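The values are calculated or read from the model by the stated rules, or taken from the named source; none is laboratory data. Just so we're clear, the structure is a prediction, and the values are computed from it rather than from any experiment. With ideal geometry, Cβ positions are generated from the backbone for all residues, glycine too; neighbour counts draw on all protein chains shown. When the accessible area is computed, the model is the full protein with side chains, heavy atoms only, and any ligands, DNA or RNA have been set aside. Shrake-Rupley method; radii C 1.70, N 1.55, O 1.52, S 1.80 Å.
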Amino acid sequence: MKKLNPIEKLILEVIIKFDSKANELINILGTEFDLDLSKDHPFGKLITRKNDLWKGSLPNNWNYHFHGSHCKFENEITNQILDVTINRGKNYGIFVDSSLFWFIEITKDLNYVYEKIETREILTDCLNTLEKEKYIVDIGEFRYKSLILNKERNNE
């Protein structure tokens, strides 16, 4: 196993934060609408445009809206945005390099990370290393990358 450099460690910490926040927001959404998140498609009643539930407000100044296979969460105070994939079972912390870069760029608490990586290419290089070392895994299909935190590897 390769020892991670400081930037790779930093990106791994960001991924852990993203995963944690994505799952926290999904759980809040589930509680608010009494959803059984253990089911295959728990968001059925929320994603339809036939009602007004496809977008709305949640506690702690969060808004949500469903679009395609995602739910976008946006905080009214901090302007933090998380775009969470909802069609991959219980894997709500899925990201690609562009969505993770966006998360870093717009999350005020992560400004120090953004200043260190500066470009998406540096982030992509770090993600490649983290994937090679199995800190993250690709669960994508149809040649589309869908990365997620490898919780087994990160609990070692």
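If you go through segment 99-129 and keep only what is outside any helix (DSSP H, G or I) and either open to solvent by 40 Å² or more (accessible area, probe 1.4 Å) or aliphatic (A, V, I, L, M) (or both), you end up with Glu118, Thr119.
I'd like to know if segment 130-137 contains one or more residues that are open to solvent by less than 80 Å² (accessible area, probe 1.4 Å), in contact with a strand residue (DSSP E or B) (Cβ under 9 Å, 6 or more places away or on another chain) and in a helix (DSSP H, G or I). Yes, that holds for at least one residue. Considering only residues in segment 43-71 that are modelled with pLDDT of 95 or more and closer than 22 Å to Glu105 by Cα, the one that is most open to solvent (accessible area, probe 1.4 Å) turns out to be Asn61. Considering (1) over 22 Å from Lys116 (Cα atoms); (2) open to solvent by 30 Å² or more (accessible area, probe 1.4 Å), the lone condition that Lys17 does not fulfil carries the number (1). If the condition is being of a type in the set (Lys, Arg) and farther than 30 Å from Glu76 by Cα, then segment 101-144 contributes Lys132, Lys134, Arg143.
Across segment 72-93, what is the total count of residues that are assigned to a strand (DSSP E or B) and either within 19 Å of Val137 (Cα to Cα) or open to solvent by 40 Å² or more (accessible area, probe 1.4 Å) (or both)?
Initial filter on segment 72-93 (assigned to a strand (DSSP E or B)): 72-75, 81-85.
Remaining after also requiring either within 19 Å of Val137 (Cα to Cα) or open to solvent by 40 Å² or more (accessible area, probe 1.4 Å) (or both): 72, 74, 83-85.
Within segment 72-93, residues that are assigned to a strand (DSSP E or B) and either within 19 Å of Val137 (Cα to Cα) or open to solvent by 40 Å² or more (accessible area, probe 1.4 Å) (or both) number 5.
If you go through segment 101-116 one residue at a time, do you hit one that is free of Cβ contacts under 8 Å to residues at least 24 places away in the same chain and aliphatic (A, V, I, L, M)? No, every residue in segment 101-116 fails to be free of Cβ contacts under 8 Å to residues at least 24 places away in the same chain and aliphatic (A, V, I, L, M). Considering only residues in segment 64-78 that are in contact with a Ser or Thr (Cβ under 9 Å, 6 or more places away or on another chain) and of a type in the set (S, T, N, Q), the one that is nearest to Lys45 (Cα to Cα) turns out to be Ser69. The sole residue among Lys9, Lys2, Lys39 that is open to solvent by 20 Å² or more (accessible area, probe 1.4 Å) and outside any loop (DSSP other than H, G, I, E, B) is Lys9.
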